1. What's the number of the only condition in (1) within 16 Å of Pro6 (Cα to Cα); (2) charged (D, E, K, R); (3) free of Cβ contacts under 8 Å to residues at least 40 places away in the same chain that Arg143 fails to meet?
2. Quick check on the stretch 14-42: of everything there that is in contact with a Lys or Arg (Cβ under 7 Å, 6 or more places away or on another chain) and closer than 17 Å to Ala219 by Cα, which residue is surrounded by the most Cβ atoms within 10 Å (Cβ to Cβ)?
3. Please verify whether Arg115 is open to solvent by 10 Å² or more (accessible area, probe 1.4 Å), within 14 Å of the chain's Cα centre (by Cα), under 25 Å from Leu46 (Cβ atoms) and charged (D, E, K, R), treating the condition exactly as stated.
4. When both residues are 6+ apart or on different chains and their Cβ atoms are under 7 Å apart, which pairs have a first residue that lies in the stretch 64-91 and is within 17 Å of Thr109 (Cα to Cα), and a second that is among the aromatic types (Phe, Trp, Tyr) and surrounded by 14 or more Cβ atoms within 10 Å (Cβ to Cβ)?
5. Return the total of residues in the stretch 180-202 being crowded, with 21+ Cβ neighbours inside 10 Å and assigned to a strand (DSSP E or B).
6. Among the small types (Gly, Ala, Ser), modelled with pLDDT of 95 or more and closer than 27 Å to Asp131 by Cα: which single residue out of Ala197, Ala173 fits that description?
7. Looking at (1) open to solvent by 60 Å² or more (accessible area, probe 1.4 Å); (2) out of contact with any Ser or Thr (no Cβ under 6 Å at 6 or more places or on another chain); (3) within 16 Å of Pro209 (Cβ to Cβ), which is the only condition Arg51 fails?
8. Every residue in the stretch 155-173 that is farther than 14 Å from Gly42 by Cα and surrounded by 19 or more Cβ atoms within 10 Å (Cβ to Cβ), please.
Amino acid sequence: MLRVRPVLFTSRLDEYAALLTALGLACTENHGGWRVLDCGDGKVGLHWAERDSPQDGTTAPGFELRDRDIFVRRTLADGTHAELVDSDHGPAARVTAPDGFSFLADPVTDLAPRRPGALAVVQLWHTPDVDAARKVLADIGARPLPPRPVGSAVFRAKNGGLVALLPAGASGAGLALEYDGGLAALGARLAAAGVPAAQGRGTLDVQTPCGGTLQVFAAAAG
């Protein structure tokens with residue numbers, strides 16, 4: 001039982017929350033410096049960061065799960081390193097890939113089934129070893145999907161959200177979305193809400209509050 005929930009660290013919490021809301025996510029937690037937005041097929045966490053600090057504008061990979069003890073035991077049995085840890089926000093499970101890249105999975109009580117809809121959260125995993133990353137995702141219970149434009153390999157978490165693997169020289173994480181509908185119509189809706197967006201090649205490139213780009217991919221079957 002696993003759900004995708006990358007965490008974006010930003011000094012522009014209100015602006016990012018407004019952007020994700022305009023895209024169709026709904027805020028389900030608001031604790032000032034920590035917010036969670038949900039689209040039914042994955043979540044996005046927003047964590048406050050000091051303006052212009054090294055953390056500001058970065059994304060940390062993350063998941064939600066029901067029982068961290070069972071998760072760690074099963075992940076270890078399948079061959080990927082996992083351990084129980086006490087993070088700065090409470091008990092969690094940490095998974096470490098062979099290259100040392102790691103991410104947290106936080107236990108939650110509301111691990112509802114995936115609700116397919118127009119949007120899906122896509123957690124991007126930049127990795128120098130796609131094959132090793134594939135095994136890690138399989139070992140934590142994610143399911144491989146047929147090829148799609150968002151990455152060289154894409155996995156679905158049972159309780160919502162996608163993870164896309166992208167070959168890179170170093171490990172890292174990012175955020176994207178998939179949209180099951182017309183990207184042009186979504187762009188027009190965003191423009192009406194005052195959110196700049198440009199049609200790319202198979203994507204809608206949405207301007208973020210920090211001046212970057214959030215890519216929205218056209219959804220594929222599966």
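The values are calculated or read from the model by the stated rules, or taken from the named source; none is laboratory data. Every value quoted in this text rests on a predicted model; they were computed, and no experiment measured them. A quick note on method: Cβ atoms are made from the backbone with ideal geometry, for glycine too, and the neighbour counts reach across all protein chains shown. What goes into the accessible areas is simple: the full protein's heavy atoms, side chains included, and nothing from ligands, DNA or RNA. Shrake-Rupley method; radii C 1.70, N 1.55, O 1.52, S 1.80 Å.
1. Unmet condition: (1).
2. Going through the qualifying residues, I end up with Gly42.
3. In short, no.
4. That search, which allows pairs on different chains as well, returns Leu65/Phe71.
5. Selection size over the stretch 180-202: 1.
6. Ala173
7. Failing condition for Arg51: (2).
8. Leu165, Ala173
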